[in-house]
Amino acid sequence: MTPDFHKTVKWRLHAGHTASHSMSGRSRVGFCLSAKKRKRMNLAAFSEMCAGHGVKVVEIDLGQPLAPQGPFDVIVHKLSDVIVESEHDQQSKHLLANFQSYVLAHPGTVLLDPLPAMTRLLDRFTSYQIMSKLHKSLRDWRICSPPYLAIHSTGDLASVQTAMEEQGLSFPLICKTRVAHGSLSHEMCLIFSAGGLPDVRPPCVLQSFVSHGAVLHKVFVVGDRHFCVERPSLKNFPSGPCDRKTIFFNSHEVSKPESSSHLTALDEQTPSLPPPSSEAMAALVQELRVQLGMALFGVDVIIDIRTHTLTAIDINIFPGYEGVPQFFPSLLDHIKKVLDQRSGASGFQQNT
């Protein structure tokens, strides 16, 4: 379901225990990231920027006791691998327990983001429940999410069509894995009729496909700032069932910045859609920050070609922030804001 545990052991981040004590009053921010995430983010460059602002970045070695590596004013982390693998791997379970023990013993350390909030978003069943309520709270902005159906087991398949009608789903459908993390979470399929339902592999989520002119708006959130980046996306498909075979695809491949997938090439000339309203996007981000209790996340948004409705289709934990040149200064600003709140709150923990 996720990369094997040996990849998780790359959490041995080597600069962790070189500075065990607060240095001349400088704030200490621990980063607990996988080797891949660290490299992609270019944490070394971010550390240099922070150093010029009185903030010391410490790379946490999750395989070693955390207390000697501290103290930490803030910990920025993406423990998705460890959280998912802890369900079936004892060593991951141990790493996660050690991390949680440290956090409980140091309530003054601010976590970006809280573990329970992050764990919720690893489950698409839960994140889709959150998205499905957006049309009520954001009614004035005409923001919604497509109807969806959670499939728990193969035993559910017999009743899928009935449940689809009850939930208002229509073909074509996108099928996504329940676990919203790891390479397999990008493996999806498009199902065009009841004949394609045997291709479903529970546990998973079925979501009505919305034609959106092959444009995906990736919204990257950093505290109270957000940035929108356009990416290629799936082309339009006629609504309603047809006898087309199921299309299997990798969403990461389809929506890469320079993607040239045949699935993103429009079959017909369609008028370009208006860009999403910046006010509506701001309202969406603000609502999600409240609902999620998180500061570092992304949301994938499309615009329905028929109704021009803003449609949220996925929420992402601590995304890559590719194409966001302001990411470093925004992250540093948010960390400084959290540090200010922390020092002004006399040890009261502020999570976002």
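The values are calculated or read from the model by the stated rules, or taken from the named source; none is laboratory data. All values derive from a computational prediction rather than experimental measurement. In this analysis, Cβ positions are derived from the backbone assuming ideal geometry, glycine residues included, and neighbour counts consider all displayed protein chains. Accessible surface is based on the protein model in full, side chains and every heavy atom, while ligands, DNA and RNA are left aside. Shrake-Rupley method; radii C 1.70, N 1.55, O 1.52, S 1.80 Å.
Looking at residue 287, is it under 17 Å from residue 144 (Cα atoms), open to solvent by 60 Å² or more (accessible area, probe 1.4 Å) and either in contact (Cβ under 8 Å) with a residue 12 or more places away in the chain or part of a loop (DSSP other than H, G, I, E, B) (or both)? No: the conditions fail for residue 287.
For the range 219-236, which positions are open to solvent by 30 Å² or more (accessible area, probe 1.4 Å) and either closer than 13 Å to residue 263 by Cα or not acidic (Asp, Glu) (or both)? Within the range 219-236, 225, 226, 228 qualify. A count restricted to the range 244-272 and to residues that are open to solvent by less than 40 Å² (accessible area, probe 1.4 Å), closer than 26 Å to residue 196 by Cα and of a type in the set (Gly, Ala, Ser) stands at 3. Is it fair to say residue 275 is open to solvent by 60 Å² or more (accessible area, probe 1.4 Å) and either in a helix (DSSP H, G or I) or not charged (D, E, K, R) (or both)? Considered against the rule, which asks whether it is open to solvent by 60 Å² or more (accessible area, probe 1.4 Å) and either in a helix (DSSP H, G or I) or not charged (D, E, K, R) (or both), residue 275 comes out as yes. Filtered by the rule that a residue be in contact with a helix residue (DSSP H, G or I) (Cβ under 8 Å, 6 or more places away or on another chain) and of a type in the set (Lys, Arg), the range 168-218 gives 176, 178. Quick check on residue 220: is it part of a strand (DSSP E or B) and over 15 Å from the mean Cα position of the chain (by Cα)? For residue 220, the condition - part of a strand (DSSP E or B) and over 15 Å from the mean Cα position of the chain (by Cα) - is not met. Close contacts from the range 130-148, counting a first residue that is under 15 Å from residue 168 (Cβ atoms) and a second that is assigned to a loop (DSSP other than H, G, I, E, B), with Cβ to Cβ under 6 Å and a gap of 6+ residues or different chains, come to 131/145; 132/145; 144/309; 146/210; 147/168; 147/169. Among residues of the range 63-82 being open to solvent by less than 50 Å² (accessible area, probe 1.4 Å) and more than 22 Å from the chain's Cα centre (by Cα), the one that is nearest to residue 94 (Cα to Cα) is 63. Sub-8 Å Cβ pairs linking a first residue in the range 252-274 that is in contact (Cβ under 8 Å) with a residue 24 or more places away in the chain to a second residue that is among the aromatic types (Phe, Trp, Tyr), at least 6 apart or interchain, are 261/249; 263/249, ordered by first then second residue. Scanning the range 256-271 for residues that are more than 12 Å from residue 308 (Cβ to Cβ), more than 25 Å from the chain's Cα centre (by Cα) and at pLDDT below 85 returns 267, 268, 269, 270. In this entry, residue 292 is excluded by the filter for residues that are in contact with a Pro (Cβ under 9 Å, 6 or more places away or on another chain) and closer than 27 Å to residue 212 by Cα. Of all residues in the range 223-235, those being in contact (Cβ under 8 Å) with a residue 40 or more places away in the chain and part of a loop (DSSP other than H, G, I, E, B) number 4. Among the conditions (1) under 19 Å from the mean Cα position of the chain (by Cα); (2) open to solvent by 30 Å² or more (accessible area, probe 1.4 Å); (3) polar (S, T, N, Q), residue 239 misses just one, which is (1). Considering only residues in the range 21-59 that are surrounded by 13 or more Cβ atoms within 10 Å (Cβ to Cβ) and hydroxyl-bearing (Ser, Thr, Tyr), the one that is modelled with the highest pLDDT turns out to be 47.
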